[in-house]
1. Residues of region 419-434 being in contact with a helix residue (DSSP H, G or I) (Cβ under 7 Å, 6 or more places away or on another chain) and more than 7 Å from the ligand (Cβ to nearest atom), which ones?
2. Any residue at all in region 373-380 that's in contact (Cβ under 8 Å) with a residue 24 or more places away in the chain, of a type in the set (Lys, Arg) and closer than 21 Å to THR298 by Cβ?
3. Looking at region 508-524, which of its residues are surrounded by 21 or more Cβ atoms within 10 Å (Cβ to Cβ) and more than 11 Å from the ligand (Cβ to nearest atom)?
4. Can you pull out the residues in region 408-448 that are among the hydroxyl-bearing types (Ser, Thr, Tyr) and in contact with a Pro (Cβ under 7 Å, 6 or more places away or on another chain)?
5. I'm trying to understand the selection: among the residues of region 435-446, which are assigned to a loop (DSSP other than H, G, I, E, B), among the aliphatic types (A, V, I, L, M) and either in contact with a strand residue (DSSP E or B) (Cβ under 8 Å, 6 or more places away or on another chain) or near the ligand (Cβ under 9 Å from one of its atoms) (or both)?
6. Pick out the one residue from GLY489, GLY527, GLY537 that is closer than 26 Å to ASP312 by Cα and surrounded by fewer than 16 Cβ atoms within 10 Å (Cβ to Cβ).
7. Just give me the residues in region 400-434 being assigned to a loop (DSSP other than H, G, I, E, B), touching a Leu at 6+ places or on another chain (Cβ under 7 Å) and within 25 Å of LEU509 (Cα to Cα), in sequence order.
8. Does region 479-515 hold any residues that are part of a helix (DSSP H, G or I) and among the hydrophobic types (A, V, I, L, M, F, W, C), and which are they?
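Any read-out appearing in this document is the output of simple, stated calculations on the displayed coordinates, not a laboratory observation. The structure presented is a predicted model; accordingly, all values stated were derived computationally and were not measured. Cβ placement follows ideal geometry from the backbone for every residue including glycine, while neighbour counts extend to all protein chains displayed.
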Amino acid sequence: MSAIESVLVENRVFPPSDATVKAARISGMAAYEALCREAEKDFEGFWARLARDNVQWTKPFTQVLDESKAPFYKWFQDGELNASANCLDKHVGTPVENKVAIVFESDDGQVSQVTYKELLARVSQFANALKAQGIKKGDRVIVYMPMGVEGVVAMQACARIGATHSVVFGGFSAKSIHERVIDAGAVAIVTANYQMRGGKEMGLKSIVDEALAMGGCESVKSVLVYMRTPTACNMVAGRDKTFDEVLKGQSTECKPEPVGAEHPLFILYTSGSTGKPKGVQHSTGGYLLWSKLTMDWTFDLQPKDLFWCTADIGWITGHSYVAYGPLAAGATQLIFEGIPTYPHAGRFWQMIEKHKVSIFYTAPTAIRSLIKAAETDEKVHPKNWNLTSLRILGTVGEPINPEAWMWYFRNVGGERCPIVDTFWQTETGGHVITPLPGATPLVPGSCTLPLPGIMAAIVDETGKDIPNGSGGMLVIKRPWPSMIRTIWGDPERFKKSYFPEEMGGKLYLAGDGAVRDAKTGYFRITGRIDDVLNVSGHRLGTMEIESALVSKTDMVAEAAVVGRPDDLTGEAVCAFVVLKRPRPTGEEAKKIANELRNWVAKEIGPIAKPKDIRFGDNLPKTRSGKIMRRLLRSIAKGEQITQDTTTLENPAILDQLAENN
Ligand code: PRX
C-alpha cells in the first residue's frame with residue numbers, strides 16, 4: 001500500500017496521557033477550544049491580549065489590525081519594539097539571565113555553551129561592528145553562514161540595529177547568492193571561510209567571492225568573515241574583514257534600535273511555481289509574537305526543557321525555531337553544526353542522550369533515512385541510547401507517512417512522547433496547523449487542527465467552502481500576525497500568488513491541497529497544488545530547475561521538470577530533456593545525465609539535482625505547443641498512460657520517454 005493510501009485508512013488515535021495534559025500550558029481540548037472561541041468572538045482583542053502579554057513594546061500599539069490596504073495587512077503598526085531586545089535584554093534581571101541559551105555541538109563533537117548574558121554581549125558587540133561598517137537601520141545584509149552560534153549572533157545583531165537580514169542556506173550556489181544580493185540590494189555579506197560538515201571542510205567564502213564576481217553587486221560594501229577553521233581564504237582588501245578585525249575594540253553594549261512593528265525583520269527567499277525565488281518579507285512585531293508564542297503552545301516549553309530543532313538557519317524553521325522563538329521564550333537550545341549520519345547514523349540519538357534533549361524537532365526525511373540506516377545496521381538503532389529525557393517530538397516540512405510516524409513514536413519517543421506534526425510555510429512565519437501536546441489526540445499522518453486564531457479552511461477554485469471529507473485547497477480566511485507582508489520589491493506577485501482574485505482576493509492561498517476528516521475535522525495535507533516540489537522538505541520550483549537546465553545552452557534545447565513520489569525524500573526531481581544533439585542512450589546517456597546534474601547543483605545547489613534524467617527527441621506537446629506535464633508525471637511514476645492523448649501533437653514520444661535510459 002502506498003503512503004497516501006495508508007493515510008486514507010488511518011484510524012489509530014493517540015490521546016495525550018493524563019499526566020501530560022495536567023502539566024501542559026494548554027491543558028486539554030477544552031482549554032484549546034476556549035482559546036479558539038476567544039479568537040472567534042473578539043478576533044482583534046484576542047491578538048491584542050497575546051501581543052501585550054508576550055512582546056515587550058518600547059511604544060505600545062493602539063491599533064491591532066489595519067485592513068485598509070488588504071491584502072497588505074498591518075499588525076500593531078503604531079507600536080515599536082526591537083526583536084533582539086525581546087530575545088535577550090528582556091531576560092536581564094530575571095533567572096533566565098544566567099541560564100544557558102545555546103549549547104553548541106560541532107561537527108567533530110566539541111561542545112560549548114553560551115548563557116543569555118554572554119549572548120547579549122556577543123550580539124551587542126557584533127551589532128556595534130556592523131554599525132562601524134556603516135550598516136544602518138533599513139539596510140539589507142546577507143547572512144551565508146554555517147550552523148553555529150555566530151550565525152544566530154549575526155541575525156540578532158542585524159535585528160538589534162534595525163537592519164533586515166536575508167539568510168541564504170549554506171548549500172546554495174554562487175548564482176543563488178548573486179540573485180539574492182541583487183534582488184535585496186544588500187550592502188553587506190556575513191559569511192565564514194569554511195563550514196564543517198561530515199568531517200569535510202567546505203568553502204563558503206569562495207562561493208561568496210564567485211557570486212560577487214558575477215557583476216552588478218556594487219551595493220555590497222563589506223564582507224565580514226568568521227574564521228570557522230584555521231585555513232586561510234581569499235580576502236579582498238578594503239572589502240573583506242575577519243570577525244576578529246571588526247570586533248576588536250567594539251563595546252559589548254549596544255542600545256537596541258526601536259523599530260515600527262511592521263519594519264521588515266527579514267527577507268527569506270523561497271521557491272514559487274513561476275520565475276525566480278521570491279523574497280518573503282516578514283514583519284518584526286507580528287513575527288516575533290508568533291515565534292515566541294508557538295514555542296509555548298506547540299512545544300509546551302517549560303523552564304527546564306532542552307530544546308533541539310535540527311533545521312538550518314537558512315530555512316524558515318531555523319529562523320523561527322532557532323534564531324528567534326527559543327530565545328524570545330527563554331529556552332535552552334541545542335545547535336548542531338553537522339549532519340545526522342556523521343560519524344554514524346546514530347548521531348542524533350547519541351546527542352539526545354548526551355545533552356538530555358527533552359523536545360526534539362526534525363524533518364520526516366531525516367526520520368526516514370535514519371529508519372533505513374537502523375534497519376541495515378542495528379548499531380545505529382535508537383534503542384542503543386537512553387532517550388528517556390525526551391518528552392515531546394515534532395516534525396516539519398513535509399507530510400509524514402504513518403509508518404515513519406509510528407516508528408518515531410515507538411523507537412524514539414518510547415510511546416510516551418506526543419508528536420507534533422506542524423504544518424506551516426515560509427510565508428506563515430510560524431506553525432499554523434498542529435497538534436498541541438497536552439491537548440490534541442494524535443492521528444499519524446495528520447497535522448490535526450489549526451492553532452487558535454488561525455482561520456484555516458478548505459475551499460474550491462472559486463473560494464467556496466468544501467465539506468469535510470472532500471479534498472480541496474487549503475486557505476486561511478483571516479490575516480494573522482506572523483503572515484508574509486509582501487514579496488520584496490514585487491507587491492503584484494504577492495497579491496497574485498497568495499490572494500488570487502478568482503477566489504475573491506481575501507483568502508490566503510497556501511498552495512497545498514488538503515482534506516478534513518469527516519468526523520473529527522482534522523486536516524491532512526495532500527501536497528502542493530502548484531509547480532512546487534518538496535524534496536526532503538526543501539522547496540523547489542520546477543521552473544527554476546528547468547531554467548537551470550536550459551541555461552546550459554551548448555547542450556540543452558528543451559527541458560521539463562516534474563516530481564515523482566520517493567520513499568526516502570518524499571518527492572524526487574525528474575527531468576525530461578531534449579538535447580541539441582541526437583538523443584543519447586546507454587553509457588553516453590549516463591555520462592550526459594551526470595554532467596547535467598552537476599550543472600544544476602552549480603546553478604542552484606546540490607538539493608536541486610534531478611534524481612532521474614530522461615532524454616527524448618521531443619517532449620509531449622499539444623498542437624498549440626503546450627507541454628503536457630500530467631503525462632510526464634505519469635511517466636515519471638512509471639504508470640501506464642490512461643489519460644486521453646488524442647490532443648497530442650506527437651503521441652509516439654510517450655513510449656520513447658517511458659523507456660529507461
Ligand atoms: O507543502 C507544504 C510542506 O512544506 C511547504 C512549505 O515549505 P517551506 O516554505 O519551505 O517551509 C517548510 C517549513 C515550514 C508547505 O506548503 N509542509 C510543511 N510542513 C508540512 C508540510 N506538508 C505536510 N505536513 C507538514 N507538517
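1. Answer for region 419-434, where residues must be in contact with a helix residue (DSSP H, G or I) (Cβ under 7 Å, 6 or more places away or on another chain) and more than 7 Å from the ligand (Cβ to nearest atom): ILE419, VAL420, GLY429, GLY430, HIS431, THR434.
2. no
3. TYR508, VAL515, ARG516, TYR522
4. THR448
5. Correct list: LEU436, VAL443.
6. Answer to the check: GLY489.
7. If the condition is that a residue be assigned to a loop (DSSP other than H, G, I, E, B), touching a Leu at 6+ places or on another chain (Cβ under 7 Å) and within 25 Å of LEU509 (Cα to Cα), then HIS431, VAL432, THR434 are the ones that fit.
8. PHE494, MET503, listed by residue number.
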